[in-house]
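Working notes, beginning with the structure itself.
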């Protein structure tokens, strides 16, 4: 993303680039280097740095002072921020994105597609579906040659006469590739008759095997990792701020289950811990925990372009004795007394972010 913003000449993206530069310039010089380095790295580090910048802007716009990387007695580790205000609190940023193993899998698949996408053929194109990607790369050139030999054995004229080949459920000539954990399927489709124009070898592609959606595991993973990183006897409450940039949208019910545990009842209606079907960050089958980390903020699907429409949600433990931050004005509190999990409807802190409601209106013109 950074590289694109840095090189694009489209006028639509100028305000985005200018805003990012303004946010960086507002960061104290001693903390700026790490953020700039992450912004210019890969997308995962870019979004982590973007989230830190966002948090600094909204927190400093609503607090007396925001301290970077404060000291904490008893540990050499430093939270991201200490927000001084009516109720001071540590603010720790963390991102939940694509799992590293998924990124590596997609890279291996892209390497195969890059080889196949350079090939042009006549009379036929292929529908490509990847049902399983192996843990090791395959020789994409060898697969390409196998496909071309298979296509040469097809009777393109007969294939073109089969007009029902595009009907859903119709039988199509199929080539299946299975090797060392890879399972790829290719279906032959006719292209226009009477023309010598070459078509891409791969004309249609799909995901193949359907995949389940599980955003709760990633949320639990980062919550577990951050909850005791600085100890549990802290002078101020620890607020974990999660940036959720997952493949599939993170919903409030995902967050609720990760925080309060799984139950048939709304979180606020659970009176007996043994009624839980699965433990949560705060509530478990044996009781409450992590009172030192009483608030969690989640920004799901936040980007530089939708800053005016996405407000991070604010979640608070229900443990009666916990010293929670009563309110954080730039986050939208969630009502956990019903299954609806509705928010207060608080708007984004546009003034703190340095933008107004017209931010990124319109669409980019990629033809200019």
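The values are calculated or read from the model by the stated rules, or taken from the named source; none is laboratory data. Predicted model, so just to flag it, every value in this text is computed and none were measured. Cβ coordinates were reconstructed from backbone atoms using ideal geometry, including for glycine residues, and neighbour counts include every protein chain displayed.
The table below gives the values:
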| read-out | value |
| --- | --- |
| Only one of 309, 233 that is farther than 23 Å from residue 58 by Cα, in a loop (DSSP other than H, G, I, E, B) and out of contact with any strand residue (DSSP E or B) (no Cβ under 9 Å at 6 or more places or on another chain) | 233 |
| Exclusive hit being free of Cβ contacts under 8 Å to residues at least 60 places away in the same chain, part of a loop (DSSP other than H, G, I, E, B) and in contact with a helix residue (DSSP H, G or I) (Cβ under 9 Å, 6 or more places away or on another chain), set 247, 214 | 214 |
| Single match in 254, 247, 224 (criterion: surrounded by 16 or more Cβ atoms within 10 Å (Cβ to Cβ) and under 21 Å from the mean Cα position of the chain (by Cα)) | 254 |
| Filtered residue count, the stretch 125-136, keeping only those that are more than 24 Å from residue 172 (Cα to Cα) and surrounded by 14 or more Cβ atoms within 10 Å (Cβ to Cβ) | 1 |
| Residues satisfying the stated conditions in the stretch 41-77, i.e. assigned to a loop (DSSP other than H, G, I, E, B) and either touching a residue at least 60 places away in the same chain (Cβ under 8 Å) or touching a strand residue (DSSP E or B) at 6+ places or on another chain (Cβ under 6 Å) (or both) | 61, 62, 63, 64, 70, 73, 74, 77 |
| Out of 176, 165, sole residue that is at pLDDT 90 or above and in contact with a strand residue (DSSP E or B) (Cβ under 7 Å, 6 or more places away or on another chain) | 176 |
| Residue count for the stretch 272-302, restricted to those that are buried (at least 20 other Cβ atoms within 10 Å of the Cβ) and in a helix (DSSP H, G or I) | 0 |
| So residue 306, is it within 25 Å of residue 215 (Cα to Cα) and buried (at least 21 other Cβ atoms within 10 Å of the Cβ) | no |
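Table: residues versus (1) at pLDDT 95 or above; (2) in contact with a helix residue (DSSP H, G or I) (Cβ under 9 Å, 6 or more places away or on another chain).
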site: 181; (1), (2): no, no
site: 189; (1), (2): no, yes
site: 207; (1), (2): no, no
site: 242; (1), (2): yes, yes
site: 261; (1), (2): yes, yes
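Each row is one residue, and each column tells you yes or no for (1) more than 30 Å from residue 84 (Cβ to Cβ); (2) in contact with a strand residue (DSSP E or B) (Cβ under 6 Å, 6 or more places away or on another chain).
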| residue | (1), (2) |
| --- | --- |
| 259 | no, yes |
| 267 | yes, no |
| 278 | yes, yes |
| 291 | no, no |
| 315 | no, yes |
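Yes or no, residue by residue, for (1) free of Cβ contacts under 8 Å to residues at least 24 places away in the same chain; (2) buried (at least 18 other Cβ atoms within 10 Å of the Cβ); (3) under 29 Å from residue 15 (Cα atoms):
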residue: 315; (1), (2), (3): no, yes, no
residue: 326; (1), (2), (3): no, no, no
residue: 351; (1), (2), (3): no, no, yes
residue: 354; (1), (2), (3): no, no, yes
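For (1) under 19 Å from residue 235 (Cα atoms); (2) modelled with pLDDT of 95 or more; (3) under 26 Å from the mean Cα position of the chain (by Cα), each residue gets a yes or a no:
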| residue | (1), (2), (3) |
| --- | --- |
| 282 | no, yes, yes |
| 288 | no, yes, no |
| 293 | yes, yes, yes |
| 305 | no, no, yes |
| 312 | no, yes, yes |
| 317 | yes, yes, yes |
| 320 | yes, yes, no |
